[in-house]
1. Of the residues 133, 111, which single one is among the hydroxyl-bearing types (Ser, Thr, Tyr) and under 11 Å from the mean Cα position of the chain (by Cα)?
2. Limited to the stretch 139-153, what total is found for residues that are under 11 Å from the mean Cα position of the chain (by Cα) and buried (at least 16 other Cβ atoms within 10 Å of the Cβ)?
3. Mind telling me which of the residues 91, 29 ends up being basic (Lys, Arg), touching a strand residue (DSSP E or B) at 6+ places or on another chain (Cβ under 8 Å) and at pLDDT 85 or above?
4. Being part of a loop (DSSP other than H, G, I, E, B) and free of Cβ contacts under 8 Å to residues at least 60 places away in the same chain is the filter; apply it to the stretch 121-136 and report the residue that is farthest from residue 147 (Cα to Cα).
5. Quick one: residue 76 ticks every box in (1) within 28 Å of the chain's Cα centre (by Cα); (2) modelled with pLDDT under 65; (3) of a type outside the set (Phe, Trp, Tyr) bar one, so which box is it?
6. Listed residues 118, 155; which is of a type in the set (Gly, Ala, Ser), assigned to a strand (DSSP E or B) and in contact with a helix residue (DSSP H, G or I) (Cβ under 9 Å, 6 or more places away or on another chain)?
Amino acid sequence: MKRVLIIGAACLSAAVAAAGAKPQPLHVKTGLWQVTQTTTINGGAGALPPDMQARMAQVPPEERARLEAAMKERFGGAPQTTTFKSCVTEKDLENQPWSSGSKCNWTVITSTGTDMEARGTSCELGKEEGMSSEIHIKIHVIDPGYAKATFDGKATGNGQTFTLSGTHTAKWIGVTCPAGVQ
């Protein structure tokens, strides 16, 4: 009986220690990275919020048609690819390192050094239109200079919901970050 109690206490101590363990920072190089992001956004192509409808009503018909076509292309599910540069610091390795532009409050769910899962809340995405948004990302480090990620998210407000999903491919390109790159 005493042996069972000792083993049980040891298992409980190990479980408590594991639960309180700090996530490991990602094992990637710091410095300048190039990120290629492909994003698909769905929803919102229907009714515009009242303030947007009022603004669109004042736009000349030709311009309005062009804007409506652009919104349908952007929010109608067609993948959009962008490339940007991001400066990664030691501190960034503890949360979402390639978050420049997403402007969210990031919380790491798990991180082993080669794999990270994080959630971004209170994101800037759609904030100007009165929307709230959040993003979920999973990052996998291939080697210290190369990583891939998948993400999904949602923005809601003004009677509309947009969903987004996509991928990141991040490649390290140098130690020094030029001025103006976050």
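1. On inspection, the qualifying residue turns out to be 133.
2. 4
3. Answer to the check: 29.
4. Here the residue is 131.
5. Every condition holds for residue 76 apart from (2).
6. 155
The values are calculated or read from the model by the stated rules, or taken from the named source; none is laboratory data. Keep in mind the model is a prediction, meaning the values are calculated, not measured. FYI the Cβ positions are ideal-geometry reconstructions off the backbone, even for glycines, and counts take in every protein chain you see.
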